[in-house]
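What follows is a single structure, written as C-alpha coordinates, with notes after it.
The values are calculated or read from the model by the stated rules, or taken from the named source; none is laboratory data. Keep in mind the model is a prediction, meaning the values are calculated, not measured. Methodologically, a virtual Cβ is constructed for each residue, glycine included, from the backbone with ideal geometry; neighbour enumeration extends over all protein chains shown. Accessible surface is based on the protein model in full, side chains and every heavy atom, while ligands, DNA and RNA are left aside. Shrake-Rupley method; radii C 1.70, N 1.55, O 1.52, S 1.80 Å.
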Amino acid sequence: MRRIQASSHTYFCCLLMVFAAALFLRAYRIGEIPDIVHIDEAGLACNAWCLANYGVDMYLNEMPVYPENFGGGQSPLYTYLAVLLVKAVGKGPLSLTLLRLPGLFSSMLVVVFGTVLISMVYENRKATLTGALLLAFCPYFIMHGRYALDCNLMLGCSTVALCLLVRYIRTGKPSHLIAYSAAFGMVMYSYALSYFVVPIFLCLITLYLLW
(Lines give C-alpha, C1' and ligand atoms only; values in the text may rest on other atoms or scores of the structure.)
Protein backbone atom coordinates (compact mmCIF):
# COMPACT_ATOMS: atom_id res chain seq x y z
CA MET A 1 0.00 0.00 0.00
CA ARG A 2 2.80 2.43 0.88
CA ARG A 3 4.54 1.66 -2.41
CA ILE A 4 1.34 2.41 -4.31
CA GLN A 5 0.89 5.70 -2.45
CA ALA A 6 4.54 6.66 -3.02
CA SER A 7 4.20 5.82 -6.71
CA SER A 8 1.05 7.97 -6.96
CA HIS A 9 2.76 10.89 -5.21
CA THR A 10 5.75 10.61 -7.57
CA TYR A 11 3.44 10.52 -10.59
CA PHE A 12 1.49 13.60 -9.58
CA CYS A 13 4.67 15.46 -8.60
CA CYS A 14 6.10 14.73 -12.04
CA LEU A 15 2.94 16.06 -13.68
CA LEU A 16 3.07 19.23 -11.57
CA MET A 17 6.71 19.75 -12.53
CA VAL A 18 5.85 19.34 -16.21
CA PHE A 19 2.98 21.84 -15.89
CA ALA A 20 5.23 24.31 -14.08
CA ALA A 21 7.90 23.98 -16.77
CA ALA A 22 5.25 24.48 -19.47
CA LEU A 23 4.00 27.65 -17.78
CA PHE A 24 7.54 29.02 -17.45
CA LEU A 25 8.36 28.35 -21.12
CA ARG A 26 5.23 30.21 -22.19
CA ALA A 27 5.21 33.07 -19.68
CA TYR A 28 8.91 34.02 -19.45
CA ARG A 29 9.32 37.48 -21.01
CA ILE A 30 6.16 36.94 -23.03
CA GLY A 31 5.99 40.63 -23.92
CA GLU A 32 9.50 40.56 -25.39
CA ILE A 33 9.77 37.10 -26.97
CA PRO A 34 8.98 37.03 -29.85
CA ASP A 35 10.30 40.56 -30.29
CA ILE A 36 8.16 41.32 -33.34
CA VAL A 37 4.45 42.10 -33.57
CA HIS A 38 2.43 40.03 -36.03
CA ILE A 39 0.06 42.10 -38.18
CA ASP A 40 -2.93 40.22 -36.73
CA GLU A 41 -1.68 41.00 -33.21
CA ALA A 42 -1.50 44.69 -34.13
CA GLY A 43 -5.04 44.68 -35.50
CA LEU A 44 -6.36 42.76 -32.50
CA ALA A 45 -4.68 45.21 -30.13
CA CYS A 46 -6.20 48.20 -31.92
CA ASN A 47 -9.67 46.66 -31.87
CA ALA A 48 -9.45 45.61 -28.21
CA TRP A 49 -8.21 49.02 -27.07
CA CYS A 50 -10.86 50.89 -29.07
CA LEU A 51 -13.64 48.61 -27.87
CA ALA A 52 -12.51 48.86 -24.25
CA ASN A 53 -12.35 52.64 -24.31
CA TYR A 54 -14.94 53.71 -26.88
CA GLY A 55 -17.16 50.70 -27.62
CA VAL A 56 -16.22 50.58 -31.32
CA ASP A 57 -13.56 48.74 -33.29
CA MET A 58 -10.95 50.61 -35.32
CA TYR A 59 -13.40 50.87 -38.23
CA LEU A 60 -16.01 52.47 -35.91
CA ASN A 61 -18.30 49.42 -35.83
CA GLU A 62 -20.17 49.49 -32.53
CA MET A 63 -19.59 46.31 -30.43
CA PRO A 64 -19.26 44.12 -33.54
CA VAL A 65 -20.10 40.42 -33.42
CA TYR A 66 -17.20 39.81 -35.82
CA PRO A 67 -14.62 42.64 -35.52
CA GLU A 68 -12.85 43.86 -38.64
CA ASN A 69 -9.10 43.54 -38.97
CA PHE A 70 -6.72 44.61 -41.73
CA GLY A 71 -8.31 43.31 -44.92
CA GLY A 72 -10.80 40.97 -43.25
CA GLY A 73 -12.56 39.86 -40.09
CA GLN A 74 -11.24 38.57 -36.80
CA SER A 75 -12.80 35.92 -34.57
CA PRO A 76 -14.46 37.58 -31.58
CA LEU A 77 -13.41 35.47 -28.58
CA TYR A 78 -9.78 36.65 -28.37
CA THR A 79 -10.75 40.26 -29.04
CA TYR A 80 -13.32 40.42 -26.26
CA LEU A 81 -11.08 38.56 -23.81
CA ALA A 82 -8.49 41.26 -24.46
CA VAL A 83 -11.19 43.90 -23.95
CA LEU A 84 -12.00 42.44 -20.53
CA LEU A 85 -8.31 42.49 -19.59
CA VAL A 86 -7.96 46.12 -20.67
CA LYS A 87 -10.99 47.10 -18.63
CA ALA A 88 -9.85 45.10 -15.61
CA VAL A 89 -6.13 45.86 -15.38
CA GLY A 90 -5.00 47.78 -18.45
CA LYS A 91 -4.08 51.44 -18.11
CA GLY A 92 -2.90 53.65 -20.94
CA PRO A 93 -1.35 51.90 -23.95
CA LEU A 94 -2.11 48.20 -24.38
CA SER A 95 1.03 46.19 -23.61
CA LEU A 96 2.05 43.07 -25.50
CA THR A 97 2.17 41.16 -22.22
CA LEU A 98 -1.48 41.89 -21.53
CA LEU A 99 -2.46 41.23 -25.13
CA ARG A 100 -0.79 37.81 -25.18
CA LEU A 101 -2.26 36.54 -21.90
CA PRO A 102 -5.34 34.89 -23.47
CA GLY A 103 -3.01 33.01 -25.82
CA LEU A 104 -0.92 31.90 -22.84
CA PHE A 105 -4.07 30.72 -21.07
CA SER A 106 -5.20 28.81 -24.16
CA SER A 107 -1.81 27.13 -24.46
CA MET A 108 -1.93 25.98 -20.84
CA LEU A 109 -5.44 24.60 -21.44
CA VAL A 110 -3.91 22.45 -24.18
CA VAL A 111 -1.23 21.15 -21.81
CA VAL A 112 -3.52 20.44 -18.85
CA PHE A 113 -6.65 19.17 -20.61
CA GLY A 114 -4.59 17.42 -23.28
CA THR A 115 -2.87 15.47 -20.50
CA VAL A 116 -6.23 14.63 -18.92
CA LEU A 117 -7.53 13.50 -22.31
CA ILE A 118 -4.52 11.22 -22.86
CA SER A 119 -4.99 9.80 -19.37
CA MET A 120 -8.68 9.02 -20.02
CA VAL A 121 -8.02 7.42 -23.40
CA TYR A 122 -4.94 5.31 -22.58
CA GLU A 123 -5.33 4.87 -18.80
CA ASN A 124 -1.56 4.46 -18.59
CA ARG A 125 0.73 6.67 -16.51
CA LYS A 126 3.74 6.33 -18.80
CA ALA A 127 1.66 7.30 -21.83
CA THR A 128 0.17 10.21 -19.90
CA LEU A 129 3.58 11.53 -18.79
CA THR A 130 4.96 11.13 -22.31
CA GLY A 131 2.01 13.06 -23.74
CA ALA A 132 2.36 15.77 -21.10
CA LEU A 133 6.05 16.17 -21.93
CA LEU A 134 5.31 16.49 -25.65
CA LEU A 135 2.58 19.07 -25.03
CA ALA A 136 4.82 21.03 -22.65
CA PHE A 137 8.07 21.05 -24.66
CA CYS A 138 7.07 20.78 -28.33
CA PRO A 139 8.14 24.11 -29.94
CA TYR A 140 4.81 24.53 -31.73
CA PHE A 141 2.82 24.29 -28.51
CA ILE A 142 5.21 26.73 -26.80
CA MET A 143 4.89 29.35 -29.54
CA HIS A 144 1.14 28.75 -29.63
CA GLY A 145 1.02 30.56 -26.28
CA ARG A 146 3.34 33.41 -27.26
CA TYR A 147 1.43 35.02 -30.13
CA ALA A 148 -1.83 36.94 -29.75
CA LEU A 149 -3.55 35.33 -32.73
CA ASP A 150 -7.29 34.73 -32.65
CA CYS A 151 -6.88 31.32 -34.33
CA ASN A 152 -4.74 30.07 -31.43
CA LEU A 153 -7.74 29.97 -29.10
CA MET A 154 -9.35 27.23 -31.20
CA LEU A 155 -6.74 24.70 -30.11
CA GLY A 156 -7.26 25.40 -26.41
CA CYS A 157 -11.06 25.46 -26.64
CA SER A 158 -11.26 22.32 -28.78
CA THR A 159 -8.96 20.41 -26.41
CA VAL A 160 -11.29 21.21 -23.51
CA ALA A 161 -14.32 20.27 -25.62
CA LEU A 162 -12.81 16.91 -26.62
CA CYS A 163 -11.93 16.16 -23.01
CA LEU A 164 -15.52 16.86 -21.94
CA LEU A 165 -16.84 14.79 -24.85
CA VAL A 166 -14.83 11.75 -23.75
CA ARG A 167 -16.08 12.21 -20.18
CA TYR A 168 -19.68 12.26 -21.43
CA ILE A 169 -19.13 9.12 -23.53
CA ARG A 170 -17.82 7.35 -20.45
CA THR A 171 -20.50 8.48 -18.00
CA GLY A 172 -23.56 9.25 -20.12
CA LYS A 173 -24.65 11.90 -17.62
CA PRO A 174 -26.88 14.73 -18.98
CA SER A 175 -24.79 17.32 -17.11
CA HIS A 176 -21.69 16.14 -19.00
CA LEU A 177 -23.65 16.34 -22.27
CA ILE A 178 -24.51 19.97 -21.52
CA ALA A 179 -20.90 20.73 -20.56
CA TYR A 180 -19.35 19.36 -23.73
CA SER A 181 -22.06 20.95 -25.91
CA ALA A 182 -21.37 24.35 -24.35
CA ALA A 183 -17.64 23.80 -24.84
CA PHE A 184 -18.07 23.12 -28.55
CA GLY A 185 -20.28 26.20 -28.75
CA MET A 186 -17.37 28.20 -27.33
CA VAL A 187 -15.09 26.71 -29.98
CA MET A 188 -17.32 28.32 -32.61
CA TYR A 189 -16.40 31.76 -31.26
CA SER A 190 -12.67 31.04 -31.25
CA TYR A 191 -11.97 30.81 -34.99
CA ALA A 192 -14.06 31.01 -38.17
CA LEU A 193 -12.67 27.70 -39.49
CA SER A 194 -14.59 25.95 -36.70
CA TYR A 195 -17.87 26.90 -38.43
CA PHE A 196 -17.12 24.06 -40.86
CA VAL A 197 -15.06 21.71 -38.70
CA VAL A 198 -17.26 21.49 -35.58
CA PRO A 199 -20.61 20.60 -37.27
CA ILE A 200 -18.94 17.95 -39.46
CA PHE A 201 -17.08 16.47 -36.49
CA LEU A 202 -20.17 16.39 -34.26
CA CYS A 203 -22.27 14.75 -37.00
CA LEU A 204 -19.62 12.09 -37.56
CA ILE A 205 -19.06 11.37 -33.86
CA THR A 206 -22.84 11.17 -33.30
CA LEU A 207 -23.24 8.66 -36.14
CA TYR A 208 -20.32 6.65 -34.77
CA LEU A 209 -21.78 6.57 -31.23
CA LEU A 210 -25.21 5.56 -32.57
CA TRP A 211 -23.56 2.77 -34.54
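Below is a table of values for the structure above.
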read-out: Residue-normalised accessible area of the chain, expressed per residue, 1.4 Å probe, Å²; value: 57
read-out: FRET efficiency, 1/(1 + (r/R0)^6) with R0 25 Å, evaluated for residue 97 and residue 54 via beta carbons; value: 0.65
read-out: With at most 15 neighbouring Cβ atoms within 10 Å, loop GluC sites (Glu not before Pro) (DSSP) excluded, longest segment of the chain; value: 33-122
read-out: Which label in [x] 63, 43, 26; [y] 43, 43, 21; [z] 108, 50, 36 gives the computed Cα extents along the principal axes in Å; value: [x]
read-out: Among 179, 127, 88: highest mean-square fluctuation, GNM of the chain, C-alpha pairs under 10 Å; value: 88
read-out: Cα centroid separation - the range 158-200 against the range 94-155, whole Å; value: 17
read-out: Placed amide H near residue 37: partners under 5 Å, 5+ positions off or other chain; value: none
read-out: Trypsin sites (Lys or Arg not before Pro) within the range 84-118: DSSP coil, no more than 11 neighbouring Cβ in 10 Å; value: 91
read-out: Cβ-based charge dipole, the chain, positive-most Cα from 46, 22, 130; value: 130
read-out: Gaussian network model of the chain, springs between alpha carbon atoms under 10 Å - residue of 35, 150, 57 with greatest fluctuation; value: 35
read-out: Net charge of neighbours whose Cβ lies under 15 Å from the Cβ of residue 23, counting Lys and Arg as +1 and Asp and Glu as -1; value: +4
read-out: The range 77-211, dipole about Cα centre (Lys/Arg Cβ +1, Asp/Glu Cβ -1), debye to the nearest 20; value: 280
read-out: Theoretical ellipticity at 222 nm over the chain - DSSP helices of four or more residues, -39500 (n - 2.57) apiece, nearest 500; value: -24500 deg cm²/dmol
read-out: For the range 104-203: rounded, prolate or oblate by the Cα gyration tensor [a/c cutoff 1.5]; value: oblate
